[in-house]
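Contents: one structure, followed by commentary.
The values are calculated or read from the model by the stated rules, or taken from the named source; none is laboratory data. Bear in mind that the values here come from a model prediction, so they are computed numbers and not experimental data. As a convention, Cβ positions derive from the backbone with ideal geometry for all residues, glycine included, and neighbour counts pool all protein chains shown.
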Amino acid sequence: MNARLAVPLLLCIVLAACQSTDNQHVKAAPTLLNDSLFPSYTLFPVESSDEIFYLDEDAQFFAERAVYEKSILQKNVKGLVKAIFDHSDHGMLYRNSANTTANTTFNNRAANCLSLSIMTYALAEHVGLNATFYEVEIPEYWTRREGYSLLNGHINLRLSLPNESPVAAVGGTWADVDFDPQMLRNYFPRNAVSKNKVIAMYYNNKGADALVANSYTRAYSYFRAAAKVAPDLQQSWVNLGVLYRMVDEYEQSEMTYKHALSLNEENLTAWENLSILYTYQDRDDEALKITQMVEAKRKHNPYYHYILGEQALEAGDIALAIVHYERGLRLDNARHEILFGMAKAYHELGDVSEAQRYLERAVRYSPNEQEKQRYSSKLATIASS
C-alpha cells in the first residue's frame, strides 16, 4: 500500500513514555520528540531527499528513451508510463513491504505503491515533466506482518507536460499513474500532497519496518525525521506512540497519541492504540469505552473482520477466526484475502475439501498474477498431499 503507498502504515500497537527526573525527583514534562530516550539515534541517519529521488545513468537513459521515443522535439507522457509498467520481463511488481529509494526500486523492479510512485516522480522530473503526488482516501485496510497489523495508505500521481513546454505532446498532455494491484482505489477521492509530505511518508514506512524488526532506535530516527519534515503527518505520531509504549514510556505514549488525535479526532488507529495503552495501565473502563466506539465505526468494514480473523488464527482459536472471516465475507464475498483466511482455517481443522473450495475462490478473485500464483501454489500443494 504500503502499501502500502504505501503508505503505509502502521497499526495496532502503542507506546508511551515517561520522562524523568532531576536529583530532586521532579518529573520533567515530556516532549513529543524525546531524543534522550534514544541517545544513539544519530547512528542511524535517514536518507536525504536527494538520496531518495536519485537516479543513476541507466535509469535516466530509460526515462529519456521512453519520453523522447519519436523525437527530441516531442514528449510522450503516456510512453513513459507504459515503459515503467513494462520495465522487466513481467512488468513492475507490487510488493507491499518493499520501502525503497527511487533508484533501488528501478533496479529491483518491485516495491510498494509509495516507492513506485517516488521512482515514477524521479523519472518524470528528469525528463522535464510535471509530477503531482496524490493521497487516496481509501477505507481502512490492514496487512499482517511479523505479528503486527499494518494499516495501509495509498499514493498515486499525475504526470503532465508543463504549460510552457516548447515541445509537442504525443498521445496527450497528461497521464495518471496508479500501481494499486487491486485497481479499486481509482474511484476514491484523492488530494494533492507535497513532495515533503511524501518524503515524510517514506520515513514513516521505514520507521514501521524498523519497529517490526525490533530496531527501536532506528525506528525513532525515522519517525523523528518524518515529524520534522511534515509535522501534520498523523501516521508518524501514532507510530511514535507505539514505539514509546514498546519501551514502557506510557506517559509519553499517551501524549503522542493525543497529539495525533488533535490533528484528526477521527483517527481510529490512534484511538485504538490509546485503548491498548490504557489496558496496559489497568485503566480498563477508559479502554473499554474507546474500544466500543472504534468497533461501532469499523463493524461495516470487511477488512476489520479480516484482521480480527487473522489475529484469532495466529492465537490458535480457529473457530473464532472462522466467525470473523464469515462476517467479513458477508460484507464482501469477493475479498481474496478473507477467502484465503478461510482456506487456512479449514486446513488447520483438517477439512481439506473446504480448504480447497475457498482457495479456488481466492484464485478466482485474485487481483493480480502474483496473488493468483501464490494461491494456485497452495492449492496444488493441498491437492498433491
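Observations
- Failed item in (1) buried (at least 21 other Cβ atoms within 10 Å of the Cβ); (2) at positive phi, with Gly316 passing the rest: (1)
- Scanning segment 320-333 turns up no residue that is of a type outside the set (Lys, Arg) and within 27 Å of Gly207 (Cβ to Cβ).
- Taken as a whole, segment 264-272 holds at least one residue that is more than 30 Å from Glu369 (Cα to Cα), in contact with a Phe, Trp or Tyr (Cβ under 8 Å, 6 or more places away or on another chain) and not aromatic (Phe, Trp, Tyr).
- Restricted to segment 222-246, and to residues there that are part of a helix (DSSP H, G or I) and among the small types (Gly, Ala, Ser), the residue that is farthest from Ala270 (Cα to Cα) is Ala225.
- Exactly one residue out of Tyr306, Tyr278 is of a type in the set (Phe, Trp, Tyr) and either assigned by TED's automatic domain parsing to the domain that holds Ala343 or not in a helix (DSSP H, G or I) (or both): that is Tyr306.
- Which listed residue is at pLDDT below 95 and crowded, with 18+ Cβ neighbours inside 10 Å, from Asn186, Asn191, Asn205: Asn205
- With respect to the stated conditions, Tyr244 fails to be under 19 Å from the mean Cα position of the chain (by Cα) and buried (at least 23 other Cβ atoms within 10 Å of the Cβ).
- Just so you know, in segment 356-385 the residues that are among the acidic types (Asp, Glu) and either in the same structural domain as Leu93 (by TED's automatic domain parsing) or within 20 Å of Asp332 (Cα to Cα) (or both) include one that is surrounded by the most Cβ atoms within 10 Å (Cβ to Cβ), and it is Glu371.
- Residue in segment 122-142 that is at pLDDT below 85 and aromatic (Phe, Trp, Tyr) present: yes
- Scanning segment 246-255 for residues that are over 18 Å from Asn205 (Cα atoms) and either in contact with a Phe, Trp or Tyr (Cβ under 7 Å, 6 or more places away or on another chain) or of a type in the set (Ser, Thr, Tyr) (or both) yields Val247, Tyr250, Gln252, Ser253.
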